Amino acid sequence: MCSFQEILDCGAAPAWLKMAVRYLANLPRRFKATIGGNIASWRSDSYLIPALLAAGAKLEIAGMEEGEGLKQSGKGAVMRRRVLPLTDYMQEREKLGSWLITAVFADASDDLELLAKKFSNTAQSHAYLSLAMGKKGEDYRIGMAILGYGIYAPGILNWSRAWKEAGVRDDLYGSEAYKRYLAGITLDEFYECLNKESAAENITIEDADSGRDKRRGDIFCPRMQASARQTRQQNSHPGHSVRVQDYVQGGGGTR
């Protein structure tokens, strides 16, 4: 499974994915951290998983599967592979605990627009709130990670219900009301930006590393510059989805 730095160096990786892994500010850790490990650990301070949820990413997983039919036939357990949406993996994580993530399928099509924001006290500290919203056609997806409370993929109209179910409380990062306020205005900002292409086009790669107040958060949009968009077009393949580690390792596979 490829590292964060390999994703940044890969020309075929979509811009929104590169910007998500760029939130890992520590360069040595970028060489060690992998996209599969980040998903498997399912940490509530992840800024990558919300972006993947908002993009509708899929996983390929592999593991041993047992069943009465297999035992009766004398085969015992057999190796199985499955491809499933990340949202399904989120629901089945406990059951799939022994399965390995062997591939991540990231949407590289030009019609996916995605915004994400990470809230942390410094670039190096844990993200206490990470939000992402993706739009493809008329479909919207939200990814939300709350430090200490979990990762969620609520509908665009019921994110507040997911927040309430998470049971967020006051802590050293701020009050529950403060963090709920940040989530609300950020998602409103995302929705407005995604519906105004001209506004999204003005957000550039440099904005994500501009050193703005980290408590306010950083924002990125993959529809950034004509050059970045041209790069995606040059590296697009039939199916408009990239199997990330294949490109990094030279396999060039697509799904």
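Since every read-out is calculated from the coordinates, none of them should be taken as a lab result. Note that the structure is predicted; figures quoted are calculated from it, not measured. Don't worry about glycine lacking a Cβ; one is built from the backbone with ideal geometry, like all the others, and counts go over all protein chains shown.
Odds and ends about this structure:
- When you filter the GluC sites (Glu not before Pro) in region 157-192 for DSSP loop state and at most 14 other Cβ atoms inside 10 Å of their Cβ, nothing is left.
- Label-to-label distance, nm, for residues given as residue 79 and residue 29 (7 Å Cα→Cβ offset): 3.3 nm
- Sequence-distant residues sharing a close amide H with residue 103 (under 5 Å, placed H): 60
- Net lengthening on full extension, residue 169/residue 100 (0.36 nm per residue, minus Cα-Cα): 21.5 nm
- Between region 1-43 and region 106-164, the C-alpha centres lie 17 angstrom from each other.
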